[in-house]
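Colleague: My structure is below; once you've seen it, I'll send some questions.
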Protein chains: 2
Amino acid sequence: MKVVIIGGGAGGLPTASNIRKLDKDIEITVITRDNYIAYSPCAIPYVLGQTIKSFDDIVMKTPEDYKENNIDVLINSEVSEIDHEKKELTYTNEGQVKTMEYDKLVLATGGNSFVPPITGSDLDGVFKIRNLNDGKNVQEWVKNCKNVVVTGAGLIGIEIAYAFKELGLNVILNEMLPQIVPKSLDPDMASIVTEYLEDEGINVILGKPITKISGEDKVTGVVIDNEEEYPADMVILATGVRPELELAKMIGCEIGKWAILVDESMKTTVEDVYAVGDCVESYDAILQSNTISQLGTTAVRQAKTCAQTIAGKKSKFYPVLNSMVTKVGKLEFGAVGLTTHFAEQNNIKTISQKVEAFTRARYYPNAKPMDIKVICDADGKIIGCQIIAEERVAERIDTMTLAITEGLDCFDLSNVEFAYAPPVSMVTDPLVLAVEEVSKKFN
Amino acid sequence: MKVVIIGGGAGGLPTASNIRKLDKDIEITVITRDNYIAYSPCAIPYVLGQTIKSFDDIVMKTPEDYKENNIDVLINSEVSEIDHEKKELTYTNEGQVKTMEYDKLVLATGGNSFVPPITGSDLDGVFKIRNLNDGKNVQEWVKNCKNVVVTGAGLIGIEIAYAFKELGLNVILNEMLPQIVPKSLDPDMASIVTEYLEDEGINVILGKPITKISGEDKVTGVVIDNEEEYPADMVILATGVRPELELAKMIGCEIGKWAILVDESMKTTVEDVYAVGDCVESYDAILQSNTISQLGTTAVRQAKTCAQTIAGKKSKFYPVLNSMVTKVGKLEFGAVGLTTHFAEQNNIKTISQKVEAFTRARYYPNAKPMDIKVICDADGKIIGCQIIAEERVAERIDTMTLAITEGLDCFDLSNVEFAYAPPVSMVTDPLVLAVEEVSKKFN
């Protein structure tokens, strides 16, 4: 059997590796447009900010490494045609057009950065950050910059803005919506992060879109909300990612509201065609309806499921909660489940509570404040959690992810055991304090 | 209604505070032998090692603070008699004998350090560390010490040994059993901690008991295993805690294998008598039988349940998993559930796996190695987890505690979502790597 995987990101390559772990004989080829593979795009901002020395450090494997594992990875290669009746595809590689047969096809085509329809978005000095080449281009261009504007205050936008600040540049972080991280944080939590970014010297401009990027050949400034013009030597568009669906449509895979429809074994609606990663829809564990979960962790888990399916093993991809975390400077923040806004938009009444706690015993040196918000539905069932502190956020998000996955309510969780020692936690864990507080609202 | 609570530790005082939160009118008196209250005994080693400046820093509240909340705390007071038919107790306070009536009685009498039957254990310079006064006495005595011996390599023993090392002393850490932390760590995990302690310069002597403490008036040395004598200016007995049961027996409370028997609402077998903390037996969530859980966190949670019961609210104390964590120098380690040895001693067949992972993305600066061992029963159900790393252990133990509480098996957990960003985790979380590895043993 021959499996061809189109796309070499967090969906494609792990699908290949996982198939190989389960089956020594299946022929596996990965075809990717990129020239770099096996790196975490999430690491790009940390290279730009020089926390990680070089882009070379984040590349974990080469095509040769995969070859050792009997996986062919064709880089700089783009699939142009698929004849699924014949099970044959056409691709170009360094100008040459070639064909390849397959038995099973995996679409791991990812997504493309959304470029908002703004005058000037095609100027030199306007970048998106989607892959390692983008990162290298930005790294080169930034050397001659003083003023940069990042538009889109999701995780990547914030991380990039902070990276530029670390380089000593004047940075504007702009977001059309009235808060940063609108997908994952409630306004009261987002404002804590905003304040931190402002304290670090980033000019955060919220609730206003960029309406024009100025410049002749290269960018010289941006106009925000048709009003003020700000000087800019570089503009980063961090305005989201749209699934790449062209090949899926060519084959006739059914497309949902946003992306390719797959079942829980990662099969598309077309026989012998599978799909994983940013180009598929996932099922939301709380809303019980389709969603789009463009996270590396989701892609990696889907890849595992897809490989199990192809290798003929029991496989199931579970509904998602979109658990996320990042660290920007000293500040770590993360979230899981629904925001208050998103829940209510979906007709879920919420009861929530924000508490302030500490990362260690109050009296222990370097105990840091920790802000936690827990969001419950009207029955007390936990549907979301957001945490901000200088340490120990990620794993608490994981605990809450498990709590939500298991359907716990705030009363249940307030009785669960938590480990304690003064250097690493409070005697009553911040999470317990939070669920105890929200529990009171149900009395 | 008047409630009298005997004992001012992690069981007694939180019972008082929790009752007050639920009911403004109940009269509450706490009677304690101690002169300091409302501190975390777990913090004592960190004061001795000068990480925390002073014992004053760890005392969170005074009797006057409790008085403001309409709770009477009588310090330096010892209950000598209880006439439960009359509901009257007799106590001494500064030489004066007094009586007090009550409606409900809470026994939070804790435990006493076990003093092994060794010649010389009554010499000056031999200490146990149970309360803040013990800590202060040790702090004073250690000023004139060069060589110290700590016997008993549970958490407190290790923490104290490390504290003395930080003071620049020659330290022997001795344990009768062939490994440190025998209650919570498997030998292969314990040896990682042992190696760290040895690298830090502590002389760890395992598998041999102290057979004699030498000295005329004050300690001058210890004999280990009837053989070698080591010089010692101080000996710390960290050889465990025995429940204090005298008053419970006086009243006629039923005693189990180790301690006072209570139901899930913290009632003893005697009407209107409750008990919490180190002096009661808990129910082990995995073994489905009684156990003794002498953890501050257990006491605090029992206090919450006991207060709910007394205030006439719904209350339930859940079975325990004895989740624990500590940090010694740079090394954080924790555990939850059963060790392999303890499981097999209880006729539970185990299948386990130890993996080595990292606390951050491999390429991220300061990514630290993390050792994780996951222990499953023969069906793959997770029954224990042990983790060692320089950071981010405690919350992972909490996630595993919740996983065990919810009855997850290793296959379930390997599909759960975990949050990822290069500065704070690996794209596949160390916990997932561990459960994936152990899962393979079931194929």
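The values are calculated or read from the model by the stated rules, or taken from the named source; none is laboratory data. Values in this document were obtained by computation on a predicted structure and should not be read as measured data. Every residue, glycine as well, gets a Cβ built from its backbone with ideal geometry; the counts of neighbours run over all protein chains shown. Calculation scope for accessible area: heavy atoms of the full protein, side chains included, ligands and nucleic acids excluded. Shrake-Rupley method; radii C 1.70, N 1.55, O 1.52, S 1.80 Å.
Colleague: Got a sec? What order do A:S293, B:S191 fall in by accessible area at 1.4 Å, biggest, i.e. largest, first?
Modeller: My answer, sorted largest first, is B:S191, A:S293.
Colleague: Now for a different question. How large is the charge dipole for the range A:251-339, taken about the Cα centre, if only the Cβ atoms of Lys, Arg (+1) and Asp, Glu (-1) carry charge, to the nearest 20 debye? Could the numbers behind the result be given before it?
Modeller: Details: 9 positive and 9 negative charges, 86 e Å.
The calculated dipole for the range A:251-339 is roughly 420 debye.
Colleague: Right, next: If you take the charge dipole of the range A:322-395 about its Cα centre, with +1 on Lys and Arg Cβ and -1 on Asp and Glu Cβ, which of A:T339, A:A357, A:C385 is farthest toward its positive end?
Modeller: My answer, from the dipole projection, is A:A357.
Colleague: Beta carbons within 10 angstrom, averaged per residue: use that to sort the peptides B:273-282, B:139-148, A:429-438, highest first. Don't jump to the answer; show the numbers that get you there.
Modeller: Working: B:273-282: 28.3, B:139-148: 15.8, A:429-438: 23.9.
Those peptides, ordered most packed to least, come out B:273-282, A:429-438, B:139-148.
Colleague: While we're on this one: 5 Å is the cut-off here: which amide hydrogens, built 1.01 Å from N in the peptide plane, fall below it relative to B:S77, excluding neighbours closer than 5 in sequence?
Modeller: For B:S77, the qualifying residues are B:T32, B:R33, B:D34.
Colleague: I want the antiparallel fraction of DSSP beta bridges within the range A:1-83, as a percent rounded to 5.
Modeller: Values: 1 of 10 bridges.
Roughly 10 percent of the DSSP beta bridges within the range A:1-83 come out antiparallel.
Colleague: Measuring nothing but label to label, 7 Å from Cα along Cα→Cβ, what are A:D103's distances to the other copies in nm, shortest first?
Modeller: For A:D103, the inter-copy label distances come out at 7.8 nm.
Colleague: Just tell me how shielded B:62-70 is by partners: mean number of partner chain Cβ atoms within 10 Å of each residue's Cβ, no decimals.
Modeller: Values: counts 0, 0, 0, 0, 0, 0, 0, 0, 0.
Partner-chain Cβ atoms within 10 Å, mean over residues of B:62-70: 0.
Colleague: Something else about it: So which residue, out of B:E244, B:E200, B:E417, gets the largest mean-square fluctuation from a GNM of chain B using Cα contacts under 10 Å as springs?
Modeller: With Cα springs under 10 Å in chain B, the top fluctuation among B:E244, B:E200, B:E417 is at B:E417.
Colleague: So what are the ³J(HN,Hα) numbers for the range A:281-292, from phi and the Karplus equation (6.51, -1.76, 1.60; θ = phi - 60°), rounded to whole Hz, Gly and Pro as x?
Modeller: 8, 10, 10, 7, 5, 8, 6, 6, 8, 5, 8, 10
Colleague: Sticking with this one: Can you pull the mean other chain C-beta count within 10 Å for peptide A:361-369? Could the numbers behind the result be given before it?
Modeller: Numbers: counts 8, 4, 13, 8, 5, 0, 0, 0, 0.
Across the residues of A:361-369, the mean count of other-chain Cβ atoms within 10 Å is 4.
Colleague: For the range A:52-142, what relative contact order do you get, as a whole percent, if you take Cα pairs closer than 8 Å and at least 6 residues apart? Show your work: numbers first, answer last.
Modeller: On the way: 64 pairs, mean separation 13.2, N = 91.
Computed over the range A:52-142, the figure is 15 percent.
Colleague: What's the buried accessible area, both sides, between B and A using a 1.4 Å probe, rounded to 100 Å²? Write out the running numbers ahead of the final one.
Modeller: Numbers: alone 20600 and 20630 Å², together 36120 Å².
When B and A are taken together, about 5100 Å² of accessible area is lost.
Colleague: Over the range A:18-78, what is the relative contact order in percent, taking alpha-carbon pairs closer than 8 angstrom and at least six residues apart?
Modeller: Rounded, it is 50 percent for the range A:18-78.
Colleague: Next question, about the same structure. Starting from a label point 7 Å past Cα on the Cβ side, list the distances from B:D263 to the same position in the other copies, nm, shortest first.
Modeller: Label-point distances to the other copies, shortest first: 5.1 nm.
Colleague: Point me to the residue of chain A whose C-beta lies closest to the A-onto-B rotation axis, rounding the distance to whole angstrom.
Modeller: Output: A:E395, 2.
Colleague: For chain B, with a Gaussian network of springs between Cα atoms less than 10 Å apart, report the residue from B:E94, B:E78, B:E159 with the top mean-square fluctuation.
Modeller: Per the Cα network of chain B with a 10 Å cutoff, B:E94 tops the list.
Colleague: Got a sec to turn the phi values of the range A:119-125 into Karplus ³J(HN,Hα) couplings, 6.51 cos²θ - 1.76 cosθ + 1.60 with θ = phi - 60°, whole Hz, x for Gly and Pro?
Modeller: Whole-Hz 3J(HN,Hα) from phi for the range A:119-125: 4, x, 6, 9, 5, 4, x.
Colleague: Once you order the gyration tensor axes a ≥ b ≥ c over the Cα atoms, which shape class does the protein assembly as shown get: rounded for a/c under 1.5, otherwise prolate or oblate by comparing a/b with b/c? Write out the running numbers ahead of the final one.
Modeller: Numbers: a/c = 2.02, a/b = 1.85, b/c = 1.09.
In terms of gyration-tensor shape, prolate.
Colleague: Follow-up. Any of A:K349/A:K373; B:K24/B:K249; A:K143/A:K165; A:K441/B:K21 with alpha carbons more than 25 Å apart? Name them for me. Before the final figure, lay out each step's value.
Modeller: Working: A:K349/A:K373 16 Å; B:K24/B:K249 32 Å; A:K143/A:K165 13 Å; A:K441/B:K21 14 Å.
Table pairs above 25 Å Cα-Cα are B:K24/B:K249.
Colleague: Turning to a different aspect of this structure: Can you give the relative contact order of chain B as a percent, counting alpha carbon pairs under 8 Å and 6+ residues apart? Display every interim value, and only then the final one.
Modeller: Values: 1005 pairs, mean separation 58.9, N = 443.
Here the relative contact order equals 13 percent.
Colleague: Could you pull out every residue, at least 5 positions away or on a different chain, whose amide H is within less than 5 Å of the one on B:S282? Hs are placed 1.01 Å off N in the peptide plane, and Pro or chain starts have none.
Modeller: B:T291, B:I292, B:S293
Colleague: Oh, and also: Go ahead and set up a Gaussian network model of chain B, Cα springs under 10 Å, then flag whichever of B:Q50, B:Q302, B:Q179 fluctuates most.
Modeller: Result: B:Q50 has the largest fluctuation of those listed.
Colleague: Among rounded, prolate and oblate, which fits the range B:62-162 when a ≥ b ≥ c are the square roots of the eigenvalues of its C-alpha gyration tensor, a/c under 1.5 means rounded, and a/b larger than b/c means prolate?
Modeller: Note, shape of the range B:62-162 comes out prolate.
Colleague: Can you work out the PRE-style zone for A:K136? Point 7 Å along Cα to Cβ, and I want the residues of the range A:1-22 with backbone N under 18 Å.
Modeller: A:8-9
Colleague: Moving to a separate point now. Select from the range B:374-399 all residues whose loss of accessible area on going from the chain by itself to the full protein assembly reaches 40 Å² or more (probe 1.4 Å).
Modeller: B:R392, B:E395, B:D398, B:T399
Colleague: How big is the gap, in Å, between the Cα center of the range A:223-253 and the Cα center of the range A:419-443?
Modeller: Comparing the Cα centres of the range A:223-253 and the range A:419-443, I get a distance of 41 Å.
Colleague: Might you report the magnitude of the Cβ-based charge dipole of chain A about its Cα centre, with Lys and Arg at +1 and Asp and Glu at -1, to the nearest 20 debye? Please list the in-between numbers first.
Modeller: Working: 44 positive and 65 negative charges, 143 e Å.
The calculated dipole for chain A is roughly 680 debye.
Colleague: Between the range B:61-95 and the range A:10-24, how many Å separate their Cα centres?
Modeller: 67 Å
Colleague: Rounded to the nearest 5, what % of the DSSP beta bridges within the protein assembly as shown are antiparallel ones?
Modeller: Values: 116 of 188 bridges.
In the protein assembly as shown, approximately 60 percent of DSSP beta bridges are antiparallel ones.
Colleague: Starting from the Cα gyration tensor of chain B, take the square roots of the eigenvalues, sort them a ≥ b ≥ c, and report rounded, prolate or oblate (rounded when a/c is under 1.5, otherwise prolate if a/b is larger than b/c, else oblate).
Modeller: Working: a/c = 1.81, a/b = 1.21, b/c = 1.49.
Oblate, because a/c is 1.5 or more while a/b does not exceed b/c.
Colleague: About the Cα centre of the protein assembly as shown, how large is the charge dipole given +1 on each Lys and Arg Cβ and -1 on each Asp and Glu Cβ? Please answer in debye to the nearest 20.
Modeller: Values: 88 positive and 130 negative charges, 57 e Å.
With Lys and Arg at +1 and Asp and Glu at -1, about 280 debye.
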